[in-house]
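The next block holds one structure in the form of structure tokens; read it before the comments.
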Amino acid sequence: MNLTRKPSRIDFERIDLNQINRILATGDLDALTPPEREYFSLMELVRGLRARMILPGGRRIVTKAGIIKLLKSSYDLSDWMARRIYDDA
């Protein structure tokens, strides 16, 4: 993923519920603005990493701190923004 600009936090209360349902049903983000698409893409990255957090037997391979560190270092996000994306995901 190549960010063209740093994302800003999305006010999910302002997004139309039908639009969110369409995104969930189709996976198509074209109806969103570019900043919203970037934010959703980062949340999807976090979701994928979190899905790999715990192996059978309870062994953790990816931690919350590791994901936040990745967002900060690889995507040049502030600590606050990286934590917001993690929490929203």
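The values are calculated or read from the model by the stated rules, or taken from the named source; none is laboratory data. What you are looking at is a predicted structure, and each value in this text was computed from that prediction instead of being measured. For neighbour counting, all protein chains shown are included, and Cβ atoms are generated from backbone atoms with ideal geometry for every residue, glycine included. Accessible surface is based on the protein model in full, side chains and every heavy atom, while ligands, DNA and RNA are left aside. Shrake-Rupley method; radii C 1.70, N 1.55, O 1.52, S 1.80 Å.
Scanning segment 10-24 for residues that are modelled with pLDDT of 75 or more, closer than 20 Å to TYR86 by Cα and open to solvent by 90 Å² or more (accessible area, probe 1.4 Å) gives a single hit, LEU24. Can you tell me which residues in segment 67-86 are surrounded by fewer than 16 Cβ atoms within 10 Å (Cβ to Cβ) and either at pLDDT below 90 or not in a helix (DSSP H, G or I) (or both)? Answer for segment 67-86, where residues must be surrounded by fewer than 16 Cβ atoms within 10 Å (Cβ to Cβ) and either at pLDDT below 90 or not in a helix (DSSP H, G or I) (or both): ASP76, SER78. Candidates in segment 25-53 are the residues that are within 18 Å of ASP87 (Cα to Cα) and not in a helix (DSSP H, G or I); of these, the one that is most open to solvent (accessible area, probe 1.4 Å) is ARG52.
In the list ALA89, ALA51, ALA31, which residue meets the criterion of being aliphatic (A, V, I, L, M), at pLDDT below 85 and closer than 20 Å to ARG14 by Cα? ALA31 is the lone residue from the list that is aliphatic (A, V, I, L, M), at pLDDT below 85 and closer than 20 Å to ARG14 by Cα. Close contacts from segment 18-36, counting a first residue that is under 18 Å from ARG47 (Cα atoms) and of a type in the set (D, E, K, R) and a second that is part of a loop (DSSP other than H, G, I, E, B) and open to solvent by less than 80 Å² (accessible area, probe 1.4 Å), with Cβ to Cβ under 6 Å and a gap of 6+ residues or different chains, come to GLU36/ILE10.
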